[in-house]
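The values are calculated or read from the model by the stated rules, or taken from the named source; none is laboratory data. Note that this is a predicted model, so its numbers are computed, not measured. As a convention, Cβ positions derive from the backbone with ideal geometry for all residues, glycine included, and neighbour counts pool all protein chains shown.
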């Protein structure tokens with residue numbers, strides 16, 4: 001089947017997400033102690049290792065974008081199949097417990113996602129940050145219609161993260177990326193206004209409350225203080241990941257580099273917070289201003305992305 005051509009903003013969002021993921025992974029707890037990580041971040045000094053591998057955040061974003069490129073919509077059974085095939089091809093990208101349990105089952109029967117996704121975590125469904133971390137390119141794809149953004153984001157989340165907060169996290173990130181994409185070529189949006197708009201369109205719950213708290217934080221709040229208030233993904237829940245990542249993005253919508261450094265200073269689940277921030281900001285900026293050395297070190301995306 002012929003792949004449809006995505007918007008420039010979608011491709012840019014995917015590139016920014018992958019860069020943020022790989023960048024943030026350099027500072028993740030399994031890579032180096034927190035004291036060393038924060039010293040590097042505050043000095044804005046990158047570790048020397050190369051290449052910068054991306055994680056399951058990017059792997060699942062690629063699977064999602066491929067479905068959009070083929071169908072111009074989230075077809076949930078096809079998305080389940082795409083996630084499962086991506087997982088089986090490379091299962092050591094850092095997937096969480098729930099995905100190690102769910103995705104092999106979906107490889108056997110993609111149509112089983114309805115029961116299997118909702119059955120995770122003793123029948124509550126996952127409220128983790130996995131649906132939010134991968135969804136920014138979808139927001140850019142559908143940015144012309146914010147209602148469709150929210151609907152398609154929810155569809156994309158339900159396949160793996162059926163808990164209402166898992167879905168709400170994806171909706172919030174997709175909306176933020178859509179608003180960023182809509183601002184391309186125009187003045188930089190006001191961060192507080194963007195966060196308020198996203199909160200107003202996000203389903204009621206803990207994440208909406210977190211976004212309202214993020215909107216109330218001044219732009220010049222120190223990142224570690226913002227992370228203390230909003231969460232930094234340490235609990236691996238959408239509710240303690242999305243508000244901080246979007247706070248950082250909303251106040252750095254003209255500088256992907258500054259946005260990623262700010263997000264990294266919050267520590268926690270750094271690859272995921274930086275993937276969310278990167279995918280959101282790059283929907284507006286692309287990779288403009290990113291140091292060439294970062295792009296050289298980042299693990300490249302698959303060849304098929306260049307053919308979109």
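Here is how the numbers come out for the structure above:
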| read-out | value |
| --- | --- |
| Entirely in the range 142-247, the helices (runs of 4 or more DSSP H) that have 3 or more residues that are without any contact (Cβ under 8 Å) to a residue 12 or more places away in the chain, surrounded by fewer than 23 Cβ atoms within 10 Å (Cβ to Cβ) and at negative phi | 146-158 |
| Tabulated pairs, the range 269-289, first at positive phi and modelled with pLDDT of 95 or more, second surrounded by fewer than 24 Cβ atoms within 10 Å (Cβ to Cβ) and outside any helix (DSSP H, G or I), C-beta under 9 angstrom, 6+ apart or interchain | 286/184; 289/254; 289/255 |
| Qualifying residue in the range 119-129 (condition: part of a helix (DSSP H, G or I), modelled with pLDDT of 95 or more and either surrounded by fewer than 16 Cβ atoms within 10 Å (Cβ to Cβ) or out of contact with any strand residue (DSSP E or B) (no Cβ under 7 Å at 6 or more places or on another chain) (or both)) | no |
| Members of the range 40-72 that are within 21 Å of residue 112 (Cα to Cα), loosely packed, with under 15 Cβ neighbours inside 10 Å and in contact (Cβ under 8 Å) with a residue 12 or more places away in the chain | none |
| In the range 36-60, residue modelled with the lowest pLDDT [restricted to those that are over 11 Å from residue 265 (Cα atoms) and outside any loop (DSSP other than H, G, I, E, B)] | 36 |
| Qualifying residue in the range 10-20 (condition: crowded, with 23+ Cβ neighbours inside 10 Å and in contact with a strand residue (DSSP E or B) (Cβ under 8 Å, 6 or more places away or on another chain)) | yes |
